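Notes follow the structure.
The values are calculated or read from the model by the stated rules, or taken from the named source; none is laboratory data. Predicted model, so just to flag it, every value in this text is computed and none were measured. We work out accessible area using only protein heavy atoms, side chains counted, and drop any ligands, DNA or RNA first. Shrake-Rupley method; radii C 1.70, N 1.55, O 1.52, S 1.80 Å.
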Amino acid sequence: MAYAWRPLFRSQPVANFRNELDRLFGDFVGHLAAVDRRLSSARTFPSLNVWEDGDALVVEAEVPGLKSEDLDIAVVGTQLTIKGRRAAEPGPPSGTYHRRERGTGEFVRELTLPVEIDADHVRASLVDGVLQITLPKSAAAKPRRIPVGRS
């Protein structure tokens with residue numbers, strides 16, 4: 001005897017209802033994913049690159065459109081904090097926005113550094129929208145050569 005596969009929902013109204021529920025649930029999950037992407041990108045402003053260069057760490061942050069007076073940098077122990085404020089831009093003189101993605105307002109980015117820093121000798125510069133912070137390692141964090149004596 002041959003078995004013929006038959007759909008579980010044969011009536012059209014039930015199948016339509018199921019398809020509509022699948023569509024609504026898919027739209028809702030897609031909307032949540034989009035919101036999560038927006039929130040995660042908002043949390044990670046400014047974008048950072050961090051590397052070690054001999055006796056110092058170097059941090060570069062993208063802060064387009066900001067001036068040095070818009071930024072506040074602090075180092076405590078192994079914690080680097082970059083605070084800033086991007087002023088709200090006036091709207092277009094005439095017309096309506098179709099998309100507005102550039103964030104405004106205050107931001108804070110905190111980063112735990114892998115070594116202790118000599119906070120007295122930290123330098124920062126802002127060139128073409130890129131903030132570069134040079135963080136010299138503290139004497140305690142630098143490797144020391146230990147001579148081995150004969151016994």
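Summary table
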{"quantity": "Built amide H within the under 5 Å cut-off of Val122, gap 5+", "calculated": "none"}
{"quantity": "Residue-span extension gain [Ser68 to Glu110] - 0.36 nm each, minus C-alpha spacing", "calculated": "13.3 nm"}
{"quantity": "Exposure of Phe25 as accessible area (Å², to 10), given a probe of 1.4 Å and all protein chains", "calculated": "140 Å²"}
{"quantity": "Table column - 3J(HN,Hα) (Hz), segment 88-101, Karplus curve with 6.51, -1.76, 1.60, x for Gly and Pro", "calculated": "5, 8, x, x, x, x, 8, x, 9, 5, 9, 8, 9, 10"}
{"quantity": "Segment 95-151: relative contact order as a whole-number percent, Cα under 8 Å and 6+ apart", "calculated": "28 percent"}
{"quantity": "Thr96 accessible area, assembled protein chains, probe 1.4 Å, Å²", "calculated": "110 Å²"}
{"quantity": "Protein accessible area in segment 35-151, 1.4 Å probe - carbon and sulfur %", "calculated": "48 percent"}
{"quantity": "Solvent-accessible heavy-atom area per residue, rounded to whole Å², over segment 78-151 at 1.4 Å", "calculated": "80 Å²"}
{"quantity": "Lys142, Lys137, Lys67, Lys83, reordered so the largest accessible area comes first (probe 1.4 Å)", "calculated": "Lys67, Lys83, Lys142, Lys137"}
{"quantity": "Extension reserve of the Phe25-Trp51 stretch, reckoned as 0.36 nm per residue once the Cα distance is removed", "calculated": "5.0 nm"}
